[in-house]
1. Select from segment 67-90 the residues that are among the aliphatic types (A, V, I, L, M) and within 16 Å of the chain's Cα centre (by Cα) and write down the one among them that is surrounded by the most Cβ atoms within 10 Å (Cβ to Cβ).
2. Kindly check whether there is at least one residue in segment 91-106 that is among the acidic types (Asp, Glu), closer than 14 Å to Ile124 by Cα and over 12 Å from the mean Cα position of the chain (by Cα).
3. Restricting the first residue to segment 148-159 and requiring it to be assigned to a loop (DSSP other than H, G, I, E, B), which pairs with a second residue that is at pLDDT 95 or above and among the aliphatic types (A, V, I, L, M) meet a Cβ separation below 6 Å and a spacing of at least six or different chains?
4. Out of everything in segment 160-176 that is in contact with a strand residue (DSSP E or B) (Cβ under 9 Å, 6 or more places away or on another chain) and not in a strand (DSSP E or B), what residue ends up being modelled with the highest pLDDT?
5. Condition test on Leu142, is it within 18 Å of Ser63 (Cα to Cα), in contact with a strand residue (DSSP E or B) (Cβ under 6 Å, 6 or more places away or on another chain) and not charged (D, E, K, R)?
Amino acid sequence: MGFFTPQQPRKDEPGAKIEPKPDPRPESVASPSPAPGAARRVEEPVMAPPPPSLQAQPKGSESLVAKGLTIEGKIEGTGDVRIAGRFKGTVNVKGEFRIEPGASIEGEVSADTVLVGGEVSGKIIAASRVDLQESGSFIGDLTAGSLTVAAGSKMRGNVEFGWKEGEGLASKDRGLSPSR
């Protein structure tokens, strides 16, 4: 009783006869037999599309710091970033930066849009807008093109919004400041 099939002889053995192996590539697809004297058309092999992991990522892809992760450092780049865990450090992204409910950030955040659903302590600079959601809390300095504050959210600190770059400097130069 044999479990093993006989092996092919080695190439370097004298008198070895090597059998050709079948080609594993797909065969070409050909048209049905043409009429005698007609040109024969041969088509290229049909290839499967690349797996999703090798396909180009769609524009606007999102990076995630998952719940349960704690990261300290710097996040920089283009694209959207979502924090569901904890992050301490500096963030500078061209895109949307989202802090999920239950997540926390300590440091400086600079992004086009910042959505605060968790806790942020530090500084936020948003070119476009900041949305402080119902579950969000913020302690620090905030500068944004626009600010939306949902009922139930919490905020403590200095806030500037609605001003264009360089606008409003004249009132600061004259010593005028908002009363407290």
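The values are calculated or read from the model by the stated rules, or taken from the named source; none is laboratory data. Keep in mind that what you see is a predicted model, and the values were worked out from it rather than measured. Cβ placement follows ideal geometry from the backbone for every residue including glycine, while neighbour counts extend to all protein chains displayed.
1. Ile83
2. Scanning segment 91-106, I find at least one residue that is among the acidic types (Asp, Glu), closer than 14 Å to Ile124 by Cα and over 12 Å from the mean Cα position of the chain (by Cα), so the answer is yes.
3. Filtered contacts from segment 148-159: Ser153/Leu132.
4. Gly162
5. No, not satisfied.
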